[in-house]
Amino acid sequence: MPEISLRDQYLELIDNIIETTLKGKISSVEQVYQMLVKGITSGTGEIFELALSERLTNLETQVAQEKDDLKKAKITRSLRAIKTIETQWQRWQEQNKITEVISGYIKEITTVKPEEYLTVLCRIIDPNQKYPLNLSQLQQLAKNLQQFAIDKQELREISQGIIQGITSWQRIQENLLSWMYEQKGSLGFGGVASEKGPWTSWSKLVKSEIPEIFFKTLAQEKSVIEFTEENPNISISNWVELTIVLQFLQRGLINWFDQQVYDIQAGPKLSISTFLTFAVIWSQLANGWQNKQSQYSENASQIMLQILRTFAQCPYFPLHGGIFASFSGSYLRDAINYLDAPLKTVEGTQEKARILTLLGYSQRALGNYERSLNFHQEAVKIANFAKDEPCEIANLNHLSRTYVQQKNYSQAINYSQRALILSRQTGNRIGEANALVNLGYAEVMQAKETNIRETEVYETAINYLQQGLKLTEKLGDMQSQALCVSSLGIAYLITAEYSQAIKFLETAFNMSQIAGDLYLQGRSLAYLAEANYHLGNYERTIYTGCLGMYLLEQIAANEWRQPGGLLTILKGQIGVDKFHLYLQQHRPKLIAIIGVDGYDYLPKLLIKYQEE
């Protein structure tokens, strides 16, 4: 006897439920649901749906065509029964959605070649999936995999790695943020002594060899690449375990930071910092394993891109801002460079345009102006194609700022005007505010460069800056406001209105601290040092100049040399002893921001400037 097809089985199930209903043997919808639970095999929902649709269409056609009232009444009752089946089928789908998804994932991973297992796994655990897996669902995935892993070593290791990863993460989870409270209010990854920082805390909690070694490596401010060199041949299960731990660690931190909406010390800037920190870590893992474990390397790159895609979709993604880096340490110092190469393999998507925006801003901070222009120009094209107007406007604004750095003021004015027109056409108020600031800033810098003396030229440019400031104040956009007041401060510095310059630059420093933008903090301090120098306030020049120099050098921004040069001149004017006396007087305030190590590094940094 030939085997009945699954379609026919499901048609028979539907007919049986209808017949039972017509006989009055169905007392509740729960009975219908339980019959579906018993009769439908997980992973075959599409076949059942087609069978249900077929029966529904047939009955609707019969009702429309039947002339006999008795027969029509019976078909109508059958139609009501099938509508009940349809409702309970929707309930079944909701209840079994993840089961179906997991079944699909199992099929996907077990039908590829062994060398593709990890690639499929990385796709499965991508948080950008329509149905991202939580811990219990991930456990179910690992358990289901074991059924296929009897004679497949790699699958056995993947299953084992998932279970180990979940166990290791759960050990950390309960005390995820204990290091913050031990540090008495220090948040984020920066400014925390390594023996009391997050990596050390997690290394003590995890109680599993590879994650513990990894966290200790970062706690000692060693490079992630150093970890890969010392652990070139870790097993598949260890790799999967580390992946699961890092992924849930990142999610846990961001979930917590995202809830701190009313805390200016936390909230979005620390979420942004966390996204960047983990993206860089994965990029460095990819870099470190490139020549030793190509499979690990390629999949680490994919995870890095997944993180950035998630980040690019967040409402607080810093389109007009830049480096919100709360992490510290030499191993992350040139962080942004690690995100460059893997992005070249990504196709033109809206997310890529947004990530390129961040890279372009960061390359400008590093002094790599041509690379910055390339990133922003590519982002403009992609954003235009994707109809992501806020991103397109942001990149036109960034192009304006970068051209100012290159002293190409006509191009800077051109791009700021384009940004202004597009933002007004689309009603993008934040884009408009930034465009006004960039236009004013570019015109001030152009007037200075060409030695224009007419005050009207500066007044017109400063008027643009003030319009931008009023708009950002109305919008409450702290990042754009910080840029506005910083630009106004620089404009007043150029027009020799030093007291006004100091007022705006001090405000810019405070605002950029709240926004978490280290580059803007450093630049504002560098210009504050100049304004104080012109007023003969040498003690304040030393404080702001040293702090600005240190912050800019720590993020590898070439502009650290600006305050470095000013401080070197001042030291020659007032003498070494007096210079160090002023520096010593500000020691407590400097240590509060950059720590003892940072303070001790300042004299070395000045020597470094003189030797270059």
Calculate, axis by axis, the spread of Cα positions in the range 354-509 along the three principal axes, and write the results as whole Å, longest axis first. 44, 33, 26
Summing +1 for each Lys or Arg and -1 for each Asp or Glu, what net charge is found among the other residues whose Cβ lies under 14 Å from the Cβ of E473? +1
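Tell me the relative contact order for the range 495-612 as a rounded percent, counting alpha carbon contacts under 8 Å between residues six or more apart. It would help to have the intermediate numbers written out before the result.
Details: 131 pairs, mean separation 24.1, N = 118.
Relative CO of the range 495-612 lands at 20 percent.
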Under 20 Å from the Cα of K608 - aspartates and glutamates, other chains or at least 8 residues apart: D334, E553, E559, D577, D597, D600
On the protein heavy atoms, probe 1.4 angstrom, tell me the percent of accessible surface of the chain carried by carbon and sulfur. 49
At 1.4 Å probe radius, can you tell me the per residue accessible area of the chain in Å²? 45
Dipole in debye (nearest 20) - the chain, about Cα centre, beta carbon charges: Lys, Arg +1; Asp, Glu -1: 760
Violations at 25 Å Cα threshold for listed pairs K292/K352; K207/K292; K269/K352; K25/K74 -> K292/K352; K207/K292
Nearest 10 degrees, 0 to 90: what angle lies between the long axis of helix 236-258 and the longest principal axis of the chain (Cα atoms)? 70
Find the relative contact order for the range 379-521 and round it to a whole percent, using C-alpha pairs within less than 8 Å whose residues are 6+ positions apart. 17
Contact order relative to length of the chain, as percent, for alpha carbon pairs under 8 angstrom and 6 or more apart: 7
For K589, give me every one of the lysines with a C-alpha distance below 18 angstrom, ignoring sequence neighbours fewer than eight places off in its own chain. K184
Can you return the lysines within cross-link range of K143? Criterion is Cα-Cα under 20 Å, with same-chain partners fewer than 8 residues away left out. K97, K107, K152
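The values are calculated or read from the model by the stated rules, or taken from the named source; none is laboratory data. Keep in mind the model is a prediction, meaning the values are calculated, not measured. Don't worry about glycine lacking a Cβ; one is built from the backbone with ideal geometry, like all the others, and counts go over all protein chains shown. All accessible areas refer to the heavy atoms of the entire protein, side chains included, with ligands and DNA or RNA removed. Shrake-Rupley method; radii C 1.70, N 1.55, O 1.52, S 1.80 Å.
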